[in-house]
1. Against the definition (in a helix (DSSP H, G or I), among the β-branched types (V, I, T) and either farther than 22 Å from R30 by Cα or touching a helix residue (DSSP H, G or I) at 6+ places or on another chain (Cβ under 7 Å) (or both)), how does V95 come out, yes or no?
2. Looking at segment 55-62, is at least one residue surrounded by 14 or more Cβ atoms within 10 Å (Cβ to Cβ), part of a helix (DSSP H, G or I) and of a type in the set (F, W, Y)?
3. Of everything in segment 411-431, what is more than 16 Å from ligand 2 (Cβ to nearest atom) and of a type outside the set (D, E, K, R)? Give them in sequence order.
4. Within 30 Å of the chain's Cα centre (by Cα), assigned to a helix (DSSP H, G or I) and within 14 Å of ligand 2 (Cβ to nearest atom), is that true of L527?
5. If you scan segment 393-434, which residues turn out to be out of contact with any strand residue (DSSP E or B) (no Cβ under 6 Å at 6 or more places or on another chain) and within 16 Å of ligand 1 (Cβ to nearest atom)?
6. Can you name every residue in segment 459-485 that is more than 17 Å from A503 (Cβ to Cβ), of a type in the set (A, V, I, L, M, F, W, C) and within 15 Å of ligand 1 (Cβ to nearest atom)?
7. Can you name the condition, by its number, that L331 falls short on among (1) crowded, with 23+ Cβ neighbours inside 10 Å; (2) in a loop (DSSP other than H, G, I, E, B); (3) under 17 Å from the mean Cα position of the chain (by Cα)?
8. Select from segment 69-83 the residues that are touching a residue at least 60 places away in the same chain (Cβ under 8 Å) and polar (S, T, N, Q) and list them in ascending order.
Amino acid sequence: MDKKAGKKIFNGIAIGKIKFYSKKENQVSRVKVEDTDAEIARYEAAKDEAVKQLERLYEKALVEVGETNAEIFNVHIMMLDDDDFNESVLNIISVQKVNAEYALAATGDNFAEMFANMEDEYFKARSADIRDITERVLSILCGNSESTDIGEEPVIIAAEDLAPSETVQMDKNKLLAFVTRLGSSNSHTAILARTMGIPALAGVGIDPSWDGKIGIVDGYEGICIVEPTMPVLEEYFKKKAADDEQKKLLQTLKGKENITKSGQKIHLYANIGNPGDLMAVMENDAGGIGLFRSEFLYLESETYPTEEEQFQAYKKVVETMGGKKVIIRTLDIGADKQADYFGFEKEENPVLGYRAIRICLTRPEVFRTQLRALFRASAYGNLAIMYPMIISVDEVRRIKEISKEVRSELAAEGVQIGEVEEGIMIETPAAAVMSDELAKLVDFFSIGTNDLTQYTLAIDRQNAKLDEFYDAHHPAVLRLIETVIKNAHEAGIWAGICGELGADTTLTKTFLKMGIDELSVSPGCILPVRKVIRETE
Ligand code: PEP
Ligand code: MG
């Protein structure tokens, strides 16, 4: 058994035979010619033929993957018509007195490299399109027909790279998954894989010896397994059956309201850990983001992320979500989430120690930098801020003071700020008990049941040995949740749950009865929860 990790392009699980796909290389040599006009005419004719092929591909893509995705072939047609590109080919032919194949290959290489060196990720990804159009015209000039026939049985395609035209030409009914060594999540091939709903991974250390072997592609975990053992295969058959079931749900529940039979409506949002999860948020039809754990920015970095780096990340998320609400939680580091550069001292009881808001309030420069980035990003969408690990009214007052100062500072600099709701997480018993007082100071509550359960039951959430004592449905936790919702409503604010308990469908009815306003769950849990809400009286 061989197991390789890769970048997740599209989720889903595929099990089947691997086909190693390698494109026919166009071998180009530099040949001196006398009649340069004839070479130019050959180039023009090949280009015309390429345009006809692209027009046919556009029609095929229009039917299979829709207008937006088919548009890439129109872009290729435009690229083939690009004056700079064509001038370069014609110049090489006439100045160097060489064959059209060589002139085209040299131009393609130069332009592709130029795009690959650009800063902007979008333009970088266009380098693959330049190679694609160059290869198309070269194939015509060299007399090589394009063959993307992948055979009769459904297969997982493993390839160095795939051009959009190759992807769309493959018979969709026989494609189980794509696994490539190259390719980025911005490439059109990646976009097409998503639109076609095919599990896909990039950046995988593929090997030609995989050809014909049985493979598993797990687009959720970002792994590819070759020649799995029997127990692994059995495990994946089960996962795939569950995944198929989930996908069926997805089809029927997408676009539907989160409404009970008697008309009670709630918001169903998604929890995310980094902007890479946005795809799953869209696919699962979340109404917004109820918890964006901002610590990824700090944990993935070697030093404190700058205001600008944070601003760009938050802006990307709020912009991508359009007008939908995005609740970003301020830094919740410490305990199990460590970053060396913070220089934390070793603690006897880290879970009860220096973490989350306690760090922000004692290191105001870290907190202010994050708040500045958040308020700046608020001008680009519907952003809300949420503070973790609160235990007292005093903490909230201090937070509000800092937040006010940061907003005034930005206003004085002429920076635009949107309307920002500010809420707190209720994840300590102290906050739950004090929720009547706390509710008067904030715009919303989001109940973090993971920590609330750990602190209420005095059970370390990381300690598997305590499983037999751990009761996620403990009445003490449920009573606290009920109290928090009641106190929120009495003060005229809304209350949601963003801990894992929010996705527990055996409790959905209970939460609805308590009057919960919002549930924020992992993207994959949105539709199962929506199903239960819609089935509730
Ligand atoms: C929680 O404690 O329930 C929560 C959502 O926060 P985290 O899991 O990130 O601690
Ligand atoms: Mg927590």
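1. So V95 fails the test.
2. yes
3. A411, A412, G414, V415, Q416, I417, G418, V420 - these are the residues of segment 411-431 that are more than 16 Å from ligand 2 (Cβ to nearest atom) and of a type outside the set (D, E, K, R).
4. For L527, the condition - within 30 Å of the chain's Cα centre (by Cα), assigned to a helix (DSSP H, G or I) and within 14 Å of ligand 2 (Cβ to nearest atom) - is not met.
5. E427, T428, P429, A430, A431
6. Those that are more than 17 Å from A503 (Cβ to Cβ), of a type in the set (A, V, I, L, M, F, W, C) and within 15 Å of ligand 1 (Cβ to nearest atom): I459, L480, V484.
7. (3)
8. Within segment 69-83, N69 is the sole residue that qualifies.
The values are calculated or read from the model by the stated rules, or taken from the named source; none is laboratory data. Note that the structure is a prediction, hence the values are computed from the model and not measured. Every residue, glycine as well, gets a Cβ built from its backbone with ideal geometry; the counts of neighbours run over all protein chains shown.
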